[in-house]
Amino acid sequence: MSDDDFARRIEQHRRELRVHCYRMLGSYDEAEDLVQEVFLKAWRARAGFEGRSSLRSWLYRIATNVCLDALDGRKRRLLPDQANPNYVPGQSATALYTGPWLQPFPDVLREPVAPRTDEPEAAVVARETLELAFLAAMQHLPPRQRAAVILCDVLGWPARQTAEVLDGSVASVNSALQRARATLREHLPPGRSDWAPAAPPTEEDRKVLRLYLDAVERGDLDAVARLLAKDVRSTMPPFPEWFADRESVLAALAATWDASSPEYIGALRMIPTSANGQLAAASYRRPPGQQIFEPFGIGVLRVRDGLIIEVVAFHEPALFPAFGLPPILDR
């Protein structure tokens with residue numbers, strides 16, 4: 001294989017390797033950096049690739065070990081409600097876990113994975129591998145258990161092949177999977193066996209998103225309230241606080257919104273997008289005295305029965321280019 005052919009063939013795997021690194025680390029930014037490291041290692045080792053395995057498997061082996069090295073000694077990336085489960089409104093942030101936090105993943109860069117059919121529990125996991133709740137639960141696993149779940153339950157690799165990547169035995173991989181699945185059950189939302197958020201959003205769900213975008217742009221708390229479930233959950237990384245019901249969410253919004261203020265009226269613009277297989281909204285904010293709207297945040301929503309049951313509002317303006325979003329809005 002010529003160097004040009006090799007470079008072309010490994011480039012074809014960029015999207016799925018980026019997803020793989022994201023699943024391991026929970027960070028889009030770090031996943032981007034690590035894919036570059038994977039390609040560099042693969043390029044340097046290309047003379048030793050003898051085709052005993054597929055190029056894809058070889059690249060996944062490199063990527064998994066690059067991720068394990070990167071995770072060594074790192075703090076977990078969670079969401080505020082999982083990092084601070086006992087938080088009560090008004091509690092001082094100095095007593096709370098303050099990150100690092102999960103990042104959203106742009107669906108425009110997502111590489112779909114076919115679920116396994118030979119193991120029902122694993123197939124359920126595969127359907128949800130980019131859902132924020134699944135990613136947050138995965139962060140509770142030690143890195144090698146995380147890798148075992150991703151390779152076996154998500155990618156469908158046999159335990160023998162996974163053991164080769166992790167330099168372990170088949171028995172150690174099976175043991176890691178057993179422990180990892182038990183931990184995931186503890187940290188996934190209630191009703192795990194019935195929860196299937198990987199189904200594409202319906203037109204009714206998208207209607208809810210459109211109504212939400214309009215209400216937020218207008219600063220209409222009453223309209224927002226009509227769209228929220230009673231037990232809606234809201235988190236706002238990088239802030240460690242979170243809110244667990246409609247009243248708390250509305251109180252937090254009321255503290256920052258003032259639709260009667262000339263500076264507030266028309267200060268927000270919202271664009272629909274999608275992240276982690278979920279509906280999302282990109283928000284732009286116009287600074288006082290300015291004419292343009294600057295990137296502000298990406299809110300990832302979950303909708304059930306016509307109501308919003310979760311909003312994770314990431315303050316991640318630097319991720320807007322990855323979502324294919326405009327750098328500014330002028331109206």
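Laboratory data are not the source of any read-out in this text; all were calculated from the coordinates shown. As the structure is a prediction and not an experimental result, all values here were calculated from the model. No Cβ is skipped: glycine too gets one built from the backbone with ideal geometry, and neighbour counts run over all protein chains shown.
Give me log10 I(q)/I(0) at q = 0.11, 0.12 Å⁻¹ for the chain, Debye formula, one equal scatterer per alpha-carbon, no solvent. For the chain, the Cα-only Debye profile gives -0.76, -0.88. In this structure the amide hydrogen of T273, modeled in the peptide plane, comes within under 5 Å of the amide hydrogens of A280, A281, A282, none closer than 5 places in sequence on its chain.
Please check which bits of the range 148-180 a label hung off L55 would reach, taking the label as a point 7 Å along Cα-to-C-beta and the cut-off as backbone N under 18 Å. From the range 148-180, the list is empty. In straight-distance terms, cross-link reach from K230 covers every one of the lysines whose alpha-carbon lies under 26 Å from its own, apart from those fewer than eight places away in the same chain; here that gives K207. The angle separating the long axis of helix 246-256 from the principal Cα axis of greatest extent in the chain is about 70 degrees.
The HN-Hα couplings worked out from phi for the range 83-93 by the Karplus form 6.51 cos²θ - 1.76 cosθ + 1.60 (θ = phi - 60°) are 6, 10, x, 9, 5, 10, x, x, 5, 5, 5 Hz, whole numbers, x standing for Gly and Pro. Just need the relative contact order of the chain here, percent rounded to a whole number, with Cα pairs under 8 Å and 6+ apart. Result for the chain is 16 percent.
Where is the GNM fluctuation largest for the chain (alpha-carbon springs, 10 angstrom cutoff): E203, E30, E186? Of E203, E30, E186, the most mobile in the Gaussian network model is E203.
From its DSSP helices (H runs of at least four residues, each -39,500 (n - 2.57)), the chain gives a residue-normalised ellipticity at 222 nm of -12500 deg cm²/dmol. Between C152, C21, C67, the residue with the greatest mean-square fluctuation in the GNM of the chain (Cα pairs under 10 Å linked by springs) is C152. Between E310 and R233, R302, the built amide H atoms are under 5 Å apart, and every one of these is 5 or more places off in sequence or on another chain.
Residue order for T256, T183, T273, T129, fewest other beta carbons within 10 angstrom first, comes to T256, T183, T273, T129.
Over the range 1-74, the fraction of Cα-Cα pairs per 5 Å bin, rounded to whole percents and listed from the shortest bin up, is 3, 17, 31, 24, 14, 8, 3, 0. For the range 33-38, putting each phi into the Karplus relation 6.51 cos²θ - 1.76 cosθ + 1.60 with θ = phi - 60° gives couplings of 5, 6, 4, 4, 5, 4 Hz, in residue order, rounded to whole numbers and with x for Gly and Pro. Its Kirkwood hydrodynamic radius, worked out from the mean inverse distance over all distinct Cα pairs, puts the range 203-323 at 14.6 Å.
Only Lys, Arg, Asp and Glu carry charge here, each on its Cβ (+1 for the first two, -1 for the last two); on that basis the chain has a dipole of about 580 debye about its Cα centre. Ordered by the count of other Cβ atoms within 10 Å of each Cβ, fewest first, R15, R23, R160 give R160, R15, R23.
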